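The values are calculated or read from the model by the stated rules, or taken from the named source; none is laboratory data. Note that this is a predicted model, so its numbers are computed, not measured. Here Cβ is always computed from backbone atoms with ideal geometry, including for glycine, and neighbour counts include all displayed protein chains.
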Amino acid sequence: MSTADSQSTDVPVTETDSPSARKGIGHWLGLAALFLGALVFLFPFYYMVVGSLQAKPDTSLRGAFPTSGFTLDNYSQINDRVDLARSLVNSGIFTGGVILGTVVFGILAGYALARLHFRGRDALFAMMLLVLIVPFQLLIIPIYVMIVRTYGLADSYLGIILPFAINSTAVFVFRQFFLQLPEELFDAARLDGASEVRILWSVALPLVKPALLTAILLTFIGPWNEFLWPFLVTKDTGLQPLAVTLANYISNVAGRATNPQGAILAGAVVLAAPAVALFVAFQRHFTASNLGSGVKG
Amino acid sequence: MTTSNTVEDSPPKARRPRLATLLGRQPLGIVFAAPYAVFLVAIFAYPLGLAVWISFHDYFFAAPGAQVDRPFVGFDNYISVLSDAAVRRSFVNVAKFLVINVPLTVVLSLVLATLLDNAVRARGFLRVSYYIPYVTSSVALVAVWLFLFGMAGLVNQLLGPLAPDPSWLVNGGLAMPVIALFVTWKQLGFSILLYLAALQNVPKELHEAASVDGASRFGSFMNVTVPGVRPATVLVVILATITGANLFTEPYLLTNGGGPDGASTSPVFVMYQKGIEQGTPDVAAAIGVILVIAVLIISFINKRLLESD
């Protein structure tokens, strides 16, 4: 994580002519406000981790900064109630399926929308924008009717993955990136007799690798964190992703554990950790310019 | 959003011009886009049509393959939706949510993005801090808030005698504001990201001109920054509206099923109750159709209002 890097991809800060360069009292006040805000934003994460390591819940202010009594018991507690490994595997299959579908079909669609002239392109683009505005949740009833009642895909990985199989935001990002490549590149490749498949694979794709990473990261957080759909479509706990098993634990059986607060927080840490770790590792790619400059129009 | 296709029109290269007029210059594009097009039809267009169809019929769940009669009932489902106090309450709840969430999101994210834009030190750390709730699962975050805002939770411990009674999540007047606060915190990072990008398009010379003219920092913020990032504001407001229309996990888990006494239900939560739990998918589909129309109308009005003046 380097600040210099994030600047070069995000904002070219010109220190000499920006008002902040004068380093007045306002500048320091602003910085103080930023750090205070960051503290408020991070505190629940800190509280999650600390609470998950405490033998007894202590909700007092001093309890938030313990010096002793650390234990991993809560993790084995939650693992007794919820099969953590199984749930994590299910979350992984759900997320992996969505990423695979998005990368394969999303890139093809993004490339076609940006670079190829074909009948129906504008209609497809309009429909994609509509999907970005109308949330999936509002169509939950007909999709439930289709997938569970008509096709009998309840309690199956296919049923969980299908409504999310291609992430439209990622398609939009792919399209924006392919659009930014210079047209001469494509003209030259076509003059050389390269096929469209070859142009996509050997010319365009290598140039948009950073965008790929961003789009995959963006696609990851969708299914990994999704609760409503897998909750509706699975009754078999052996197939439920961690977000669902943990939520069920919170709403049903928390009363039976000896330290429900610790156990729930331990589960929350396990659920949050992969997404947070991936994000921190790749955070410098996570800038709006990498997300396809969608707001620059 | 940029919707224009900036691909230059180069001279046609297709060897079969008649086919080209029928399928476009690069018909291979149809093959490339076909899986995604099929996906959108199957998972978006068809369900949208099905939702409308279900909402105009007496629809109920039947065993797969069973032939059942589902008579057309006109606007009956819509009438029963609109005359249902629980549904109306969920819409009022979302309105409360939006009244708190939208202004808070716009003001906080614009101010924080402006400060971040000027900060040179620790930018990486600060950005990560603000983005992290956005990438984390609602279920995991709700778990922490349950304990922070619980009866004997840290927030009440800090407030001591000032703690609300009944406590936050079981207080009819406070449950929805807590949810709005939770969602603002969780989603703020994405709005900051959008504003940071938009701020790069505000010419630095404008700020200099303002400061030469003797404008204060605040004056330059109000007269240069705020109008300069208007397109981002449109997007932030639309996204916040969509998030509001989508609420489910928070009322389901944080306030234990839209409690207390329905004070924090959301339309999607009511859809779940009516459609899946109570077996009246026709009524639930009608709620969905109303929501889709509402989201489209509100997005359109927002765009018009914020872009016109």
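Being outside any helix (DSSP H, G or I) and aromatic (Phe, Trp, Tyr) is the filter here; which residues of region A:96-118 pass it?
Of all residues in region A:96-118, those outside any helix (DSSP H, G or I) come to A:116-118.
Correct list: A:Phe118 only.
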Study note, to complete from the structure: Taking region A:219-236 and the residues there that are surrounded by fewer than 21 Cβ atoms within 10 Å (Cβ to Cβ) and closer than 15 Å to A:Gly92 by Cα, the one that is modelled with the highest pLDDT would be A:Phe227
**Study point:** Positions within region A:118-168 being of a type in the set (Phe, Trp, Tyr) and more than 21 Å from A:Leu232 (Cβ to Cβ), in sequence order
**Key:** A:Phe118, A:Phe125
Point to revise | In region B:254-279, the residues that are over 16 Å from A:Pro142 (Cβ atoms) and either in a helix (DSSP H, G or I) or in contact with a Phe, Trp or Tyr (Cβ under 6 Å, 6 or more places away or on another chain) (or both) | key: B:Leu254, B:Gly258, B:Phe269, B:Val270, B:Gln273, B:Glu277
Revision key, fill the gap. Being within 30 Å of B:Gln278 (Cα to Cα), charged (D, E, K, R) and over 13 Å from the mean Cα position of the chain (by Cα) narrows A:Asp187, A:Asp236, A:Asp192 down to just A:Asp236
Exercise for review: Go through region B:196-232 and count every residue that is part of a helix (DSSP H, G or I) and either more than 10 Å from chain A (Cβ to nearest Cβ) or surrounded by fewer than 22 Cβ atoms within 10 Å (Cβ to Cβ) (or both).
Suggested key: 24
Exercise for review: Evaluate the following for B:Ser83: is it hydroxyl-bearing (Ser, Thr, Tyr) and touching a Pro at 6+ places or on another chain (Cβ under 6 Å)?
Suggested key: no
Point to revise | Residues (surrounded by 18 or more Cβ atoms within 10 Å (Cβ to Cβ) and either within 24 Å of the chain's Cα centre (by Cα) or not in a helix (DSSP H, G or I) (or both)) located in region A:73-95 | key: A:Val82, A:Leu84, A:Ser87, A:Asn90, A:Ser91, A:Phe94, A:Thr95
Exercise for review: Would you check if A:Ile160 is in contact with a helix residue (DSSP H, G or I) (Cβ under 8 Å, 6 or more places away or on another chain), part of a helix (DSSP H, G or I) and farther than 27 Å from B:Ala286 by Cα?
Suggested key: no
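If you check B:Leu174, B:Leu193, B:Leu181, B:Leu162, which single one turns out to be within 10 Å of chain A (Cβ to nearest Cβ) and hydrophobic (A, V, I, L, M, F, W, C)?
Numbers: B:Leu174 fails: within 10 Å of chain A (Cβ to nearest Cβ); B:Leu181 fails: within 10 Å of chain A (Cβ to nearest Cβ); B:Leu162 fails: within 10 Å of chain A (Cβ to nearest Cβ).
Testing whether each residue is within 10 Å of chain A (Cβ to nearest Cβ) and hydrophobic (A, V, I, L, M, F, W, C) leaves just B:Leu193.
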Review point. Among the candidates A:Ile147, A:Ile93, which residue alone is at negative phi and at pLDDT below 95?
Key: A:Ile147
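Tell me, please, whether a residue that is exposed (fewer than 14 other Cβ atoms within 10 Å of the Cβ) and assigned to a helix (DSSP H, G or I) can be found in region B:175-195.
Residues of region B:175-195 exposed (fewer than 14 other Cβ atoms within 10 Å of the Cβ): none.
So far as region B:175-195 goes, no, none of its residues is exposed (fewer than 14 other Cβ atoms within 10 Å of the Cβ) and assigned to a helix (DSSP H, G or I).
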Revision key, fill the gap. Checked region B:113-126 for anything free of Cβ contacts under 8 Å to residues at least 24 places away in the same chain and either closer than 16 Å to A:Leu42 by Cβ or not in a helix (DSSP H, G or I) (or both); matches are B:Ala119, B:Val120, B:Arg121, B:Ala122, B:Arg123, B:Gly124, B:Phe125, B:Leu126
